[in-house]
């Protein structure tokens, strides 16, 4: 069993981006990070993104509207960033406070600055294999993890457990693409799938993204499977200072001995999401400058 080290691979991508950005003439790429409220996880995520941007040489603008901001005001803020030629990418940190329409906010971001890949136009470009669009960061990171770990999906059966617009559906579309590293046969499973274990046991590559702690057990996979565990779940653990430990959607102890390759939680997919956000920001800069 080989552990797929997301921290190492994300580090490789960050180093590549740093070298690329150092060669740009004129201003640096810029990402606007919008965070509404003081959700502890959101504060931590935005801080991590800001730190990674600085490491690469990307300018980050941290924008902190009051938690009382209304929908119209927030959309006006997005419009102002859309119209700012010095901003290449815009990210609105999720979740937003109650009363704000998250989907409407994501749709408001100009497609050419939608480095999170959630705008419907970018989802459409992904389906059409139009490389001028942006893929959601976590699925794009999964593809990088697989490629840089020597996993060629061509002809493989990829089973995606989960159908969200953030992970499941884009991951399936990326694996289906007619390009090197893809060309997989893809099955999407979800809560209504009949005889789920029979489906997951067919997977050459299993992508688990359902948000249920240690749901995938040893009896649900076949020997030699490649497992990509997207889940991050808190499980009570009195032995930890925090009172909890982080686990994925896969029962690592049970599944890892059967897998040929597997991502850990933490340290697997998570670091890739931030790295791919930065890669999308550099791409947006290049596209806006005709490079």
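Of the residues making up the stretch 253-285, those that are over 21 Å from the mean Cα position of the chain (by Cα) and in a helix (DSSP H, G or I) number 6.
Scanning the stretch 102-139 for residues that are over 24 Å from residue 61 (Cα atoms) and assigned to a helix (DSSP H, G or I) yields 120, 121, 123, 124, 125, 126, 127, 139. Among the residues of the stretch 257-276, the one identified as out of contact with any helix residue (DSSP H, G or I) (no Cβ under 9 Å at 6 or more places or on another chain) and either under 29 Å from residue 90 (Cα atoms) or surrounded by fewer than 19 Cβ atoms within 10 Å (Cβ to Cβ) (or both) is 260.
Return the residues of the stretch 223-252 that are in a loop (DSSP other than H, G, I, E, B), in contact with a strand residue (DSSP E or B) (Cβ under 9 Å, 6 or more places away or on another chain) and touching a residue at least 24 places away in the same chain (Cβ under 8 Å); say none if nothing qualifies. Answer for the stretch 223-252, where residues must be in a loop (DSSP other than H, G, I, E, B), in contact with a strand residue (DSSP E or B) (Cβ under 9 Å, 6 or more places away or on another chain) and touching a residue at least 24 places away in the same chain (Cβ under 8 Å): 225, 230, 231, 232, 248, 249, 251. Screening the stretch 1-101 for strands (runs of 3 or more DSSP E) wholly inside it with 3 or more residues that are surrounded by 19 or more Cβ atoms within 10 Å (Cβ to Cβ) returns the ranges 30-34, 89-92. Take residue 105 and decide whether it is surrounded by 18 or more Cβ atoms within 10 Å (Cβ to Cβ), modelled with pLDDT of 95 or more and over 24 Å from residue 271 (Cβ atoms). Against the criterion (surrounded by 18 or more Cβ atoms within 10 Å (Cβ to Cβ), modelled with pLDDT of 95 or more and over 24 Å from residue 271 (Cβ atoms)), residue 105 qualifies. On inspection, residue 179 fails the criterion of being in contact with a strand residue (DSSP E or B) (Cβ under 9 Å, 6 or more places away or on another chain) and either part of a helix (DSSP H, G or I) or surrounded by fewer than 21 Cβ atoms within 10 Å (Cβ to Cβ) (or both).
Among the residues making up the stretch 139-176, those that are more than 22 Å from residue 199 (Cβ to Cβ) and in contact (Cβ under 8 Å) with a residue 40 or more places away in the chain are 140, 141, 144, 145, 148, 149.
The values are calculated or read from the model by the stated rules, or taken from the named source; none is laboratory data. Worth saying up front: this structure is predicted, and the values here are computed from it rather than measured. All Cβ positions, glycine included, derive from the backbone under ideal geometry; neighbour counts span all protein chains shown.
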